[in-house]
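Structure in structure tokens, see below.
Readers should treat all values here as calculations from the given coordinates under stated rules, not as data from a laboratory. Worth saying up front: this structure is predicted, and the values here are computed from it rather than measured. Neighbour counts run over all protein chains shown; Cβ positions are idealised from the backbone, glycine included.
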Amino acid sequence: MNIILLGAPGAGKGTQASRLREFYGFVHLSTGELLRAEIADKTELGRHIQGIIDAGFLVPDDVIFNMIAQKIEYHRDQMVLDGFPRNMSQAQSLDDLMGQLGLSLDHVVLIEVDETQLIKRITGRFTCSKCLTGYHQEFKPTQVAGVCDMCGSKDFIRRRDDSKETVMARLGVFKKETESVVPYYEAKGLLRRVDGMVHIDDVTKQIKDTLGI
Ligand code: AMP
């Protein structure tokens, strides 16, 4: 089974994709993570895309497609696509690729969260730089202020594109470009909507029930 997790920035796609990997053995393919790895490794591509990501805009389709196509061709099954596709052109390229490789796309899960909540979620999140445990200043603070619950580190990082200004740009891009893929997958009978406003565990349960796993 192959699925896409769709949703605005902050909807919880990454969290839910990680859980699908952990609990059900899916391969989590996140274009955002792949791009951030290029930046961390200071590759030529990483240098080229840093400014685009910091501004909250979309990285060019060909860059994204070259990166993700190899992964799809390699894994073929049990994939959760997180953050891809993000516009109609990417959705069509994905369809073509899946068709050529004879792979199935089984469900497109849209995690729905209202905008005020999205902004709160994104601007409050931070991560332990050592063990990468994720926190939120309001919804999931560390037990002892400034100390990671898991590894005791006092060093935390925030994504550069989680600033208030960039978040607004990212939400604008979602509305202008990404939302157009919703009716596309709806017409194909693949779209499943889940309520992303409830507790993380309940979102996971809705996804699990939707997928029938
Ligand atoms: P994410 O981690 O999915 O929120 O992605 C972070 C940033 O990476 C986005 O704001 C875009 O700048 C870029 N990005 C991730 N996936 C894509 C994609 N499929 N197409 C274009 N840009 C992307």
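Would you be able to say whether some residue in the range 40-62 is crowded, with 17+ Cβ neighbours inside 10 Å, farther than 25 Å from Met168 by Cβ, within 11 Å of the ligand (Cβ to nearest atom) and over 12 Å from the mean Cα position of the chain (by Cα)?
no
Results for (1) touching an Asp or Glu at 6+ places or on another chain (Cβ under 6 Å); (2) surrounded by 12 or more Cβ atoms within 10 Å (Cβ to Cβ); (3) closer than 29 Å to Ile49 by Cβ, shown as yes or no for each residue.
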residue	(1), (2), (3)
Arg121	no, yes, yes
Gly172	no, yes, yes
Ala187	no, no, no
His199	no, no, no
Asp202	no, yes, no
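Further question: So, Val181, is that one surrounded by 13 or more Cβ atoms within 10 Å (Cβ to Cβ) and either part of a strand (DSSP E or B) or in contact with a strand residue (DSSP E or B) (Cβ under 9 Å, 6 or more places away or on another chain) (or both) or not?
Yes.
Just checking, does the range 127-135 include any residue being within 15 Å of the ligand (Cβ to nearest atom), surrounded by 14 or more Cβ atoms within 10 Å (Cβ to Cβ) and not acidic (Asp, Glu)? Give the steps one after another, and end with the answer.
So the first thing to find is which residues in the range 127-135 are within 15 Å of the ligand (Cβ to nearest atom), and the list is 127, 132, 134.
Going one step further and asking which of them are surrounded by 14 or more Cβ atoms within 10 Å (Cβ to Cβ), we end up with 127.
Cutting the leftovers down to not acidic (Asp, Glu) gives us 127.
Yes, the range 127-135 contains a residue that is within 15 Å of the ligand (Cβ to nearest atom), surrounded by 14 or more Cβ atoms within 10 Å (Cβ to Cβ) and not acidic (Asp, Glu).
I'm checking my understanding of the structure. Among residues of the range 13-28 that are within 23 Å of Thr166 (Cβ to Cβ) and surrounded by fewer than 22 Cβ atoms within 10 Å (Cβ to Cβ), which one is nearest to the ligand (Cβ to nearest atom)?
So the first thing to find is which residues in the range 13-28 are within 23 Å of Thr166 (Cβ to Cβ), and the list is 13-18.
If we keep only those that are surrounded by fewer than 22 Cβ atoms within 10 Å (Cβ to Cβ) too, we end up with 14-15, 18.
Values: Gly14: 7, Thr15: 12, Ser18: 12 Å.
Selected residue: Gly14.
Return a yes/no flag: does the range 138-158 have any residue that is surrounded by fewer than 17 Cβ atoms within 10 Å (Cβ to Cβ), of a type outside the set (Lys, Arg) and touching a residue at least 40 places away in the same chain (Cβ under 8 Å). Don't jump to the end; show me each part of the working.
Of the residues in the range 138-158, the ones surrounded by fewer than 17 Cβ atoms within 10 Å (Cβ to Cβ) are 138-141, 143-147, 149-158.
Applying the additional criterion that residues be of a type outside the set (Lys, Arg) yields 138-139, 141, 143-147, 149-153, 155-157.
From what's left, touching a residue at least 40 places away in the same chain (Cβ under 8 Å): none.
No: the range 138-158 contains no residue that is surrounded by fewer than 17 Cβ atoms within 10 Å (Cβ to Cβ), of a type outside the set (Lys, Arg) and touching a residue at least 40 places away in the same chain (Cβ under 8 Å).
Working only within the range 99-155, note down all residues that are assigned to a loop (DSSP other than H, G, I, E, B) and hydrophobic (A, V, I, L, M, F, W, C). Steps first, please.
The first filter runs over the range 99-155 and keeps only residues assigned to a loop (DSSP other than H, G, I, E, B), leaving 102-106, 113-114, 124, 129-133, 137-139, 141-143, 145-146, 148-155.
Result: Leu103, Leu105, Val113, Cys131, Leu132, Phe139, Ala145, Cys148, Met150, Cys151.
Assess whether Gly152 counts as being farther than 24 Å from Arg193 by Cβ and of a type outside the set (Lys, Arg). Give the steps one after another, and end with the answer.
Working: farther than 24 Å from Arg193 by Cβ: yes; of a type outside the set (Lys, Arg): yes.
Yes; evaluated as a whole, the condition is true for this residue.
Hey, another quick one. Does the range 64-71 contain at least one residue that is out of contact with any strand residue (DSSP E or B) (no Cβ under 6 Å at 6 or more places or on another chain), near the ligand (Cβ under 7 Å from one of its atoms), polar (S, T, N, Q) and in a helix (DSSP H, G or I)? Don't jump to the end; show me each part of the working.
Filtering the range 64-71 down to residues out of contact with any strand residue (DSSP E or B) (no Cβ under 6 Å at 6 or more places or on another chain) leaves 64-70.
Checking which are near the ligand (Cβ under 7 Å from one of its atoms) leaves us with 64.
Checking the rest, the ones that are also polar (S, T, N, Q) come to none.
No, the conditions are met nowhere in the range 64-71.
If you don't mind, there's one more thing I want to ask. For residues that are surrounded by 17 or more Cβ atoms within 10 Å (Cβ to Cβ) and either of a type in the set (S, T, N, Q) or over 16 Å from the mean Cα position of the chain (by Cα) (or both), tally how many sit in the range 73-97.
First, pick out the residues of the range 73-97 that are surrounded by 17 or more Cβ atoms within 10 Å (Cβ to Cβ): 79-87, 90-91, 93-94.
Next, from what is left, pick out any that are either of a type in the set (S, T, N, Q) or over 16 Å from the mean Cα position of the chain (by Cα) (or both): 87, 90, 93-94.
Residues flagged as surrounded by 17 or more Cβ atoms within 10 Å (Cβ to Cβ) and either of a type in the set (S, T, N, Q) or over 16 Å from the mean Cα position of the chain (by Cα) (or both) within the range 73-97 amount to 4.
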